[in-house]
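Following: one structure in structure tokens, then a few remarks.
The values are calculated or read from the model by the stated rules, or taken from the named source; none is laboratory data. Only a predicted model underlies this, so the values are computations on that prediction, with no experimental measurement involved. Cβ coordinates were reconstructed from backbone atoms using ideal geometry, including for glycine residues, and neighbour counts include every protein chain displayed.
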Amino acid sequence: MKDYRAPVGDYAGWREQVFTRRQVLLAAVGGSVAALFGMRARAEQQDVAPWPVIRRVQQLLFPDEPGAPGAGQINALGYLQGVVDDPLVGKREREFVVQGVVWLEELARQNYGAAFLELEAATQDELLVFISGSDAGENWLSTLLTYIFEALLSAPVYGGNPQGVGWKWLAYTPGFPLPDAATHYRKLPR
């Protein structure tokens, strides 16, 4: 932490730099990623329905437990779909989320001869542990976890945390006034 420096300038510019660095890292490990995932085509060329797979991965990453909401209860998928559909989110981020599903599907088919959703829960979990061993896989899972946590903590108007279920679980009192349909960031003047 001693060498940490906060980003300078506006946040949007810094965020784009992060995505640029992410893409550079992905390109740098491209050969090993291709070998790891058996990737031969881009996401646009694949016939993969990403949302059911992402929903299952979110459930594995953030499962429901007694007294604690999971990905389903906090509407993590709905939140992520809203993020991906947001025109302010970069194309690369959207592509990266979908590309991870393509990689996961390819890996499942190569190693088990079945789609990810057709595998037993323990095998699905093993695949997630396996892909977390690569930079790209770890980055993809980290991205999904980040969006899960955003869904858990955000104002319900953004699609996650319905009725403040995440806040209630964490005994968190949000600041007021909360954004509503007319005042959330997408409606603010640019």
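Details
- Answer residue from the range 90-131, given it is among the small types (Gly, Ala, Ser) and touching an Asp or Glu at 6+ places or on another chain (Cβ under 9 Å) and is farthest from Ile54 (Cα to Cα) among those: Gly90
- Any hit, the range 161-174, residues being within 20 Å of Val98 (Cβ to Cβ) and under 17 Å from the mean Cα position of the chain (by Cα): no
- The range 78-97 - residue that is in contact (Cβ under 8 Å) with a residue 12 or more places away in the chain and more than 17 Å from Leu141 (Cβ to Cβ) and, of those, farthest from the chain's Cα centre (by Cα): Leu88
- Of the residues making up the range 166-179, one or more are in a helix (DSSP H, G or I), free of Cβ contacts under 8 Å to residues at least 40 places away in the same chain and surrounded by 13 or more Cβ atoms within 10 Å (Cβ to Cβ).
- Looking across the range 180-190 at every residue that is part of a loop (DSSP other than H, G, I, E, B) and closer than 20 Å to Gly78 by Cα, the one that is modelled with the lowest pLDDT is identified as His184.
- Residues in the range 155-165 that are touching a residue at least 60 places away in the same chain (Cβ under 8 Å) and part of a loop (DSSP other than H, G, I, E, B): Gly159, Gly160, Asn161.
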